[in-house]
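Reviewing the structure listed below.
The values are calculated or read from the model by the stated rules, or taken from the named source; none is laboratory data. The structure presented is a predicted model; accordingly, all values stated were derived computationally and were not measured. Ideal geometry is used to build each Cβ from the backbone, glycine not excepted, and the neighbour counts take in all protein chains shown. Calculation scope for accessible area: heavy atoms of the full protein, side chains included, ligands and nucleic acids excluded. Shrake-Rupley method; radii C 1.70, N 1.55, O 1.52, S 1.80 Å.
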Amino acid sequence: MAASRRSVLRGMALGGLALGSGGLLAACGGDDGGGGSSGSGTTVKFGINEAKGSGPAYDRLAAMAAAYTKETDTKVDLNAVDHNTFQESVNTYLQGTPDDVFTWFAGFRMAQFAEAGLITDLSDVWPIDGMNDSFKEASTAPDGKQYFVPKDYYPWAVFYRKSIFEKNGWTAPETKDDLMSLMDDMQGKGITPFAFGDKQGWPAMGTFDILNMRLNGFDFHMSLMAGDEQWDGDEVKLVFETWKTLLPYHQEDPLGRNWEEAATSMGNGECGMYLLGTFVADAVADVADDLDFFTFPELDSSIGADALDAPIDGFCVAAGGQNQEAGKAMAKWLGSAAAADAANSGADVPFIAANSGASTSSYSALQKKSAEVVGAAANIAQFMDRDTNADFANTVMVPSIQDFLKNPDDIDGITSSIQEQAASIFG
């Protein structure tokens, strides 16, 4: 599922998880900002993974829902649920009484739902004007059918404030030695090199991903995610050993800090850098114009630094939804340039649209650079919790990485435990 991502994102470049209890999600349904009168009498239920008032991500999705009502006279009941709750309960939700259309992700996670019969075949929704063949590939399950409509994408990289780097004479590191020198200089000036928060469980997965791709290569990383490599082998131990040497340069107590709080630490200058997705700008909108980023530097010259995570977000139609045809019609529209423009019009922080016909006039320099960097990458992964089995990501890797962060000296014990559980899940 992650192969050929370069062609996906070259064409776009000017381009979890599971839901709280299904009962909670269903109970949160209702007209929460995306509805409106419906002369046609049609209503579509739209489940989104952002709580009302949570920030730009919610605002963009609500704007899409409102625009769809205005354009089609279809009422949209917006079921807005906070991101973590949404991600932690999706299986129960989809097996209960789900909304018709819901926010989801490309990659293994989409394919798992397709194979389980929990999401609707959207093959007749494709082709979508402005969506190239590579996006269609990212929306395709192993059975050759499409089950997903892309909305946007974003790279994971190392973000920093330009003004702080310029003030201190710092430049983006290209090698491990460069990185170590930069971090030492930051510490010497009283700045914690890396902001770090893993209270939600998934952010630290991005650190594992990039270290594994830099130390062992993209092919090994994807094979590991598929369950075809040993988690207690020397390659994975090297990832954790390298991570251990980097932890003293990160904020302490990451399990007590969410990603937004960590972003604030980078935004206010307490920390010099932050490894995260471009959505980091949502949490530091007041200094977003001062943000820049670099891809994580190479750690092994024989492997280089041409792979990165660049997840694709979008929409699926729930097989258990009560209004299948209306849900499919809305999903197709949500992938259009008009939908992207509705989301980004007036948005403080627009997303990088998957649809090539969407306006880029509101894109920041950061977003334009994101599109260029992703388009130039040789290999693109979707992120650990999207590239591997959902149960493995949530029930094994989240607690295992958190155990490592609490006790980085027990690498043998942690990797042995991961391998034992991986064997039972992957077979």
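Hey, which of the helices (runs of 4 or more DSSP H) in the stretch 42-124, taking only ones fully inside, have at least 2 residues that are more than 22 Å from the chain's Cα centre (by Cα) and small (Gly, Ala, Ser)? I'd like the intermediate steps shown before the answer.
Numbers: elements: 56-72, 83-88, 90-95, 108-115.
Here the list reads 56-72.
Pick from 208, 159, 135, 196: which is crowded, with 19+ Cβ neighbours inside 10 Å, assigned to a loop (DSSP other than H, G, I, E, B) and either in contact with a His (Cβ under 9 Å, 6 or more places away or on another chain) or on the phi < 0 side of the Ramachandran plot (or both)? Walk me through it before giving the result.
Working: 208 fails: assigned to a loop (DSSP other than H, G, I, E, B); 159 fails: assigned to a loop (DSSP other than H, G, I, E, B); 135 fails: assigned to a loop (DSSP other than H, G, I, E, B).
Answer to the selection: 196.
The numbered conditions (1) within 22 Å of residue 127 (Cβ to Cβ); (2) open to solvent by less than 30 Å² (accessible area, probe 1.4 Å) are all true for residue 370 except (1). Of the set (1) under 26 Å from residue 349 (Cα atoms); (2) surrounded by 20 or more Cβ atoms within 10 Å (Cβ to Cβ), all apply to residue 165 but (2). Residue pairs whose Cβ atoms lie under 6 Å apart, sitting 6 or more positions apart in sequence or on different chains, and linking a residue in the stretch 127-147 that is farther than 26 Å from residue 226 by Cβ to a partner that is of a type in the set (A, V, I, L, M, F, W, C), are 130/337.
Screening residue 385 with (1) within 30 Å of residue 284 (Cβ to Cβ); (2) in a loop (DSSP other than H, G, I, E, B); (3) charged (D, E, K, R) gives one miss only, at (2).
Restricting to the stretch 394-425, count the residues that are within 15 Å of residue 206 (Cα to Cα) and touching a helix residue (DSSP H, G or I) at 6+ places or on another chain (Cβ under 9 Å). Don't jump to the end; show me each part of the working.
The first filter runs over the stretch 394-425 and keeps only residues within 15 Å of residue 206 (Cα to Cα), leaving 394, 397-402, 404-405.
Narrowing the set further to residues that are touching a helix residue (DSSP H, G or I) at 6+ places or on another chain (Cβ under 9 Å) leaves 394, 397-398, 400-402, 404-405.
Counting residues in the stretch 394-425 that are within 15 Å of residue 206 (Cα to Cα) and touching a helix residue (DSSP H, G or I) at 6+ places or on another chain (Cβ under 9 Å) gives 8.
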